Amino acid sequence: MQKLKLAIQKKGRLSDDSINLINECGISFPKSSGKLVTAAYDFPMEILFLRDDDIPDYVQDGVADIGIVGENVLVESGKNVDVVSQIGFGKCRLSLAVPRNITYNNLKELEGKAIATSYPKILQSYLEQHQVQADIHVISGSVEIAPSIGLADAICDIVSTGSTLLSNGLKEVETIFQSQAVLIKNQQLSAEKNEILNQLVFRMEAVRRAQKNKYILLNAPNASLEKIISLLPGINSPTVQALAKEGWSSVHSVITEKDFWEKIQQLKDAGAEGILVMPIEKLIY
Ligand code: PRP
Ligand code: ZN
């Protein structure tokens with residue numbers, strides 16, 4: 001049987017989340033021993049640990065069949081691969097930043113200035129779109145130190161928490177690209193490998209949905225049941241069971257993380273008591 005080759009980042013922002021996601025999908029493999037390739041024990045898959053910047057290239061060429069990579073790296077690479085789905089972690093943005101003590105009003109002020117970046121293509125198209133001409137200096141790492149050593153007036157780099165900018169005396173002035181991790185695939189996958197990929201995507205979706213939802217149990221006086229049920233659509237409709245206590249019921253349902261606190265307040269206001277909220281391991285519709 002063929003094995004699907006998945007490329008993930010060896011070391012960096014996406015590494016831990018990528019490994020956790022694979023494990024949450026019920027796929028286990030030997031703990032990293034510094035090896036470049038490892039086979040999963042319980043799923044027809046091999047995992048390749050690579051530099052993130054190389055992943056689009058390897059997937060395009062078929063060295064890897066699929067990969068987990070940031071949209072920032074993917075777009076900058078310009079490689080021809082298909083995006084299967086956004087995975088929801090690794091959220092960050094590509095931004096322009098200047099030294100904190102500089103007054104900055106708008107992009108025009110960067111006209112003729114030197115900007116250091118590892119993302120020349122995305123930056124160039126952004127500048128063209130805004131009709132600004134600047135001198136782009138391509139550097140592959142530690143871009144944030146460029147202004148302090150006199151190499152550039154500004155930088156264009158990934159910002160996640162913002163702590164790198166802060167500790168280098170820089171301030172973010174323009175956001176040019178929003179990014180998150182995506183699952184990409186080679187454009188000529190065999191039918192057999194596509195089938196394995198479909199199984200993987202099915203599991204990933206179940207994991208993702210579970211992370212976004214919570215299981216909720218509560219007690220409600222029968223008089224407020226109608227109101228409470230309208231607040232809890234659930235997957236189909238909530239489960240309602242009579243309590244031993246006369247005139248009361250227990251309601252079970254699923255709520256999303258997004259409007260969680262608002263919902264809890266509304267349920268309390270509607271007369272719900274003993275509200276219990278629990279994580280969901282997997283959720284399949
Ligand atoms: C980016 C960027 C900064 C850091 C910013 O690197 O180059 O070093 O993240 O994060 P912060 O705002 O949380 O401080 P990335 O993880 O993309 O690594 P790489 O460029 O080495 O692949
Ligand atoms: Zn990188």
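The values are calculated or read from the model by the stated rules, or taken from the named source; none is laboratory data. Since this is a predicted model, take the numbers as computed values, not measurements. Heads up, the Cβs are rebuilt from the backbone with ideal geometry, glycines too, and the neighbour counts pull from every protein chain shown. Calculation scope for accessible area: heavy atoms of the full protein, side chains included, ligands and nucleic acids excluded. Shrake-Rupley method; radii C 1.70, N 1.55, O 1.52, S 1.80 Å.
On the principal axes of its alpha carbon atoms, segment 92-179 extends 31, 27, 24 Å, with the longest extent given first.
In a fully extended conformation the segment linking LYS11 and HIS130 would gain 39.3 nm over its present Cα-Cα distance, using 0.36 nm per residue.
Rounded to the nearest 500, the helix-only mean residue ellipticity at 222 nm of the chain stands at -8000 deg cm²/dmol, with each DSSP H run of n ≥ 4 adding -39,500 (n - 2.57). Residue order by solvent-accessible surface for PHE29, PHE177 is PHE177, PHE29, largest first, with ligands and nucleic acids left out and a 1.4 Å probe. Restricting segment 91-147 to GluC sites (Glu not before Pro) that sit in a DSSP loop and have at most 12 other Cβ atoms within 10 Å of their own Cβ leaves GLU111. About its Cα centre, the chain has a charge dipole of approximately 560 debye under the convention of +1 per Lys or Arg Cβ and -1 per Asp or Glu Cβ, with nothing else charged.
Split the accessible area of segment 155-230 by element, probe 1.4 Å, and carbon with sulfur accounts for 47%. Which log10 I(q)/I(0) values, to two decimals, does segment 30-123 give at q = 0.24 Å⁻¹ under the Debye formula with one point per Cα? For segment 30-123, the Cα-only Debye profile gives -1.32. Taking one equal scatterer on every alpha-carbon of segment 196-260, how large is log10 of I(q)/I(0) by Debye at q = 0.14, 0.19, 0.26 1/Å? Listed by q, the Debye log ratios stand at -0.51, -0.74, -1.06.
Quick check: the distance between the Cα centres of segment 218-285 and segment 9-34, to the nearest angstrom? Spelled out, the Cα-based centre of one part sits 36 Å from the other.
Heavy-atom accessible surface of ILE158, to the nearest 10 Å², is about 30 Å², with a 1.4 Å probe and all protein chains retained.
Given C-alpha coordinates of segment 109-261, what is the ratio Rg to Rh with the Kirkwood estimate of Rh? Result: Rg/Rh = 1.25.
Of HIS130, HIS252, the order by accessible heavy-atom surface (1.4 Å probe, DNA, RNA and ligands excluded), from most exposed downward, is HIS130, HIS252. A DSSP coil position with no more than 16 other Cβ atoms inside 10 Å describes the following trypsin sites (Lys or Arg not before Pro) in segment 99-161: ARG100, LYS113. The largest accessible area among THR256, THR117 belongs to the first residue in THR256, THR117, and the rest follow in falling order (1.4 Å probe, all chains).
Within the assembled protein chains, the solvent-accessible surface assigned to CYS92 is about 10 Å², based on a 1.4 Å probe. The GluC sites (Glu not before Pro) found in segment 251-285 that occupy coil by DSSP, while having at most 12 further C-beta atoms within 10 Å, are GLU257, GLU281. Spread over its residues, the convex hull of the C-alpha atoms of the chain is 189 Å³ per residue. Rolling a 1.4 angstrom probe over the protein heavy atoms with all chains in place gives the chain an accessible area of 53 Å² per residue.
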